[in-house]
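All remarks here apply to the structure that follows.
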Amino acid sequence: MWHFYEEQMKRLEGLSQEPVLFEDVLCQLHDMLQPAHEGCYTLADIKRTRPQSSLLFNTMFDLHKFMAYENRDPFALRAEQLGEEGQVLSDWDRFARGEYLR
């Protein structure tokens, strides 16, 4: 993981972005994936935490998605997920709402 992290940080520096500490990234991933064995991510851990496991791959391989995650606004994200009556919308409902408003 360290090798991939170093490569991402070089890319971040090339874009004049502030680097994120490896310890912070590792702590976030550990909290999200909650591996069965400390410091070891298995396929079972990744499958068990499927929505959050994409962050592991985005962090290590996809700089643009990693930057989008790091720069997100959690309050705006939550507001986007809620409908007009306060219920949580599905992906389809959010897509349909966006198409309708377009």
Residue-normalised accessible area of the chain, expressed per residue, 1.4 Å probe, Å²: 76
Mean ellipticity per residue at 222 nm, deg cm²/dmol - from DSSP H runs of n ≥ 4 across the chain, formula -39500 (n - 2.57): -20000 deg cm²/dmol
³J(HN,Hα), Karplus 6.51/-1.76/1.60, whole Hz, each residue of the range 27-34, x for Gly, Pro: 5, 4, 5, 5, 5, 6, 8, 6
Between 0 and 90°, nearest 10: helix 91-101 axis offset from the chain longest Cα axis: 60
Heavy-atom accessible surface of the chain: percent carbon and sulfur, 1.4 Å: 56
3J(HN,Hα) from dihedral phi, the range 12-19, Karplus parametrisation 6.51/-1.76/1.60, rounded to Hz, x for glycine, proline: 4, 5, x, 9, 6, 9, 6, x
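Based on the mean of other Cβ atoms within 10 Å per residue, sort peptides 92-101, 66-75 so the most packed one is first.
Final packing ranking: 66-75, 92-101.
More than 24 angstrom separation, counting every C-alpha pair in the chain; what % is that?
Distances greater than 24 Å cover 38 percent of the Cα pairs.
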0 to 90° range, to nearest 10: angle between helix 50-61 axis and the chain longest Cα axis: 50
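The values are calculated or read from the model by the stated rules, or taken from the named source; none is laboratory data. What you see is a predicted model; the values in this text were computed from it and never measured. Don't worry about glycine lacking a Cβ; one is built from the backbone with ideal geometry, like all the others, and counts go over all protein chains shown. Protein only, heavy atoms only, side chains kept; ligands, DNA and RNA dropped before computing areas. Shrake-Rupley method; radii C 1.70, N 1.55, O 1.52, S 1.80 Å.
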